[in-house]
Amino acid sequence: MPRQVLPSVMIVLLCAAVGMLASEVPARHLGPFDFNGTPVERVIVTWSETLSNRNFKQSAMGNRILGIAAVLSRTQIRPLATLSRNAQMVGWPNETEVIGVVHVSLGNDSKTYRVGVTPDRLALFADIESSEVYALSAESCNAVVQPLLRYSGDFLNEPVIPRAQVVVLPAPYQLAPILLDTQAIRDRLAGGRKSQLPETARFLPEEQFLIRLPEGYSPREPAGLLVWVNAGSSGSPPAVFNDAADAMGLVMIGASDSGNVRLSTDRYQLALDAVATTTRRFHIDPARVYVTGISGGGRISSALLACFPDIFTGAVPIVGLNTYKPVPLGDGRFVAPGYGKRKPPRWRMFRNHRTAAVTAPLDFNYREMVNAVRILQRDGLDARLFEYDDMAHTLPTSERFTEAIGWVDARQAKARDKAWADAEEQLERYLAKFDNLPIQSDTQRRLLERITVTAPWSPAAWQACELLGIVEPPPEESGAAPSKVGVPPAAAPSGAGVSPVAEP
């Protein structure tokens, strides 16, 4: 062999050897969503460390039944991988709860992390095979964190908390994903401008929530949610709301000591905490999260819808209403704006939600509310005034509240009814073709999965899940054992703390 060829041959052999060694060395891991500078290919979020050997591409209902909170898409993974490269190494605080698990993989490499969120809104990812804990902004990890904060309990059995009765909801309560610090106040409440509002001072372990499940509540079907903001100290949802709540399937919740004497930022924060707590304990439809309040609580409720339209989807402010513009009183005086005007995309979300303002000529806020609703309507918002000649600065009657909240819920109810009807038709066509025969083809799986996507949690969707073999038919009523739905782990054995409360 010519001498000048030897170096070239040696280089080729050396490169081949290095390549063989590299192929045998696992990829170096940089943060929870990155392997050696390459984004992970697959991210599955679960509530337990056990990962089902099957999942669905489209059916969120099917995945949740299997214990899967989310299967992230590539567009969701990419920004997480970029952030992951700047993750900080931290310790895991003793008080931080594990809320779920994330499973990541790239080729043959895989990692599993326990997930938690600290009170100062850091998302923690703890490698279950080592002592490594990574920290990222919880807000930047919403694709992972938010699904874990939804209901993950038993979908088939009955709740321990009684229906149709106001009770104290046992602690612990869930911190809301949004913490009203200076930046959040500026972004959410002040329209992007500097604000004089103080940061929230609420300490959740010292707070108390009162809750009422509707008469027909079942975790098999997601309920709506109605958050109550009182002007006084009681957090008990008023009894005049009960008929509407039972007819429309609304869970009601209110915070004690959240009246007009409390910091407004605490009142906003407690309403957000109420949504987070209820959504985690009970099966709640995120498209039907409403808020109502009276007088100063009505003003808070109207601002909550405007400033958090990604959380609340409708409002019934009663004898109190704030807007983002000065409101004329007709005598040369104006009421100052109650919050900053939203910017896209939240403004577009706000325009898609309904505000039902309840007042009367005998109400001392009447003229302000009439003009405030006109401002909202002129700006293209879906607001309506419900006024009653014989009503003063008080709660409406049961019938009148039902009318107002019914209008707020009407579009969601219509969409739900249509989806349920469509799913029933799809199921009928499937059964006409395949009857109850065992699934033997991908076509059958796709058709059944489609039903669960068309109308998740509907009777047709539950039957589709039974045919898919991921759930058993519901037990007979006489044999159904009560579950721990709505009761946190610490309280589950005895249901301690579920105390009835006299309704106002």
With respect to Arg262, determine if the residue is charged (D, E, K, R), under 28 Å from Pro473 (Cβ atoms) and surrounded by fewer than 24 Cβ atoms within 10 Å (Cβ to Cβ).
-> no
Trp92 modelled with pLDDT of 90 or more, under 20 Å from the mean Cα position of the chain (by Cα) and surrounded by 14 or more Cβ atoms within 10 Å (Cβ to Cβ) | no
Output the residues belonging to segment 116-131 that are surrounded by fewer than 17 Cβ atoms within 10 Å (Cβ to Cβ) and modelled with pLDDT of 90 or more.
-> Asp127, Ile128, Glu129
Wholly inside segment 71-153, strands (runs of 3 or more DSSP E) that include 2 or more residues that are touching a helix residue (DSSP H, G or I) at 6+ places or on another chain (Cβ under 7 Å) and not assigned by TED's automatic domain parsing to the domain that holds Phe282 are 98-106, 109-117
Of those in segment 155-193 that are among the acidic types (Asp, Glu) and in the same structural domain as Pro222 (by TED's automatic domain parsing), the residue surrounded by the most Cβ atoms within 10 Å (Cβ to Cβ) is Asp187
Here are Arg342, Arg367: which of them is touching a strand residue (DSSP E or B) at 6+ places or on another chain (Cβ under 9 Å) and either farther than 19 Å from Leu305 by Cβ or not polar (S, T, N, Q) (or both)?
-> Arg367
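This table checks each residue for (1) under 26 Å from Leu250 (Cβ atoms); (2) of a type in the set (Lys, Arg); (3) in contact (Cβ under 8 Å) with a residue 12 or more places away in the chain; (4) not in a helix (DSSP H, G or I).
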{"site": "Leu376", "(1), (2), (3), (4)": "yes, no, yes, no"}
{"site": "Ala423", "(1), (2), (3), (4)": "yes, no, yes, no"}
{"site": "Leu427", "(1), (2), (3), (4)": "no, no, yes, no"}
{"site": "Lys433", "(1), (2), (3), (4)": "no, yes, no, no"}
{"site": "Ile439", "(1), (2), (3), (4)": "no, no, yes, yes"}
Just a yes or no: is a residue in segment 329-337 surrounded by fewer than 24 Cβ atoms within 10 Å (Cβ to Cβ), touching a helix residue (DSSP H, G or I) at 6+ places or on another chain (Cβ under 8 Å) and not small (Gly, Ala, Ser)?
-> yes
Could you tell me which of the residues Leu226, Leu197, Leu180, Leu210 is touching a Leu at 6+ places or on another chain (Cβ under 6 Å) and either modelled with pLDDT of 95 or more or not in a loop (DSSP other than H, G, I, E, B) (or both)?
-> Leu226
Where Trp457 falls short, out of the listed (1) closer than 30 Å to Gly254 by Cβ; (2) modelled with pLDDT under 95 = (2)
How many residues does segment 20-60 hold that are of a type in the set (Lys, Arg), modelled with pLDDT of 75 or more and over 22 Å from the mean Cα position of the chain (by Cα)?
-> 2
Boolean, Pro489 is at pLDDT below 95, part of a loop (DSSP other than H, G, I, E, B) and not β-branched (Val, Ile, Thr) | yes
Candidate set from segment 413-461 (those that are over 26 Å from the mean Cα position of the chain (by Cα) and among the hydroxyl-bearing types (Ser, Thr, Tyr)); member that is surrounded by the fewest Cβ atoms within 10 Å (Cβ to Cβ) = Ser441
In segment 213-240, how many residues are farther than 16 Å from Ile311 by Cα and either free of Cβ contacts under 8 Å to residues at least 12 places away in the same chain or touching a helix residue (DSSP H, G or I) at 6+ places or on another chain (Cβ under 6 Å) (or both)?
-> 5
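Somewhere in segment 316-334, is a residue of a type outside the set (Asp, Glu) and within 17 Å of the chain's Cα centre (by Cα)? I'd like the intermediate steps shown before the answer.
Residues of segment 316-334 that are of a type outside the set (Asp, Glu), as a first pass: 316-330, 332-334.
Imposing the further condition that a residue be within 17 Å of the chain's Cα centre (by Cα) reduces the set to none.
Scanning segment 316-334 turns up no residue that is of a type outside the set (Asp, Glu) and within 17 Å of the chain's Cα centre (by Cα).
The values are calculated or read from the model by the stated rules, or taken from the named source; none is laboratory data. Because the structure is predicted, anything quoted here is derived from the model rather than measured. Here the Cβ is made from the backbone with ideal geometry for all residues, glycine too, and neighbour counts use every protein chain on show.
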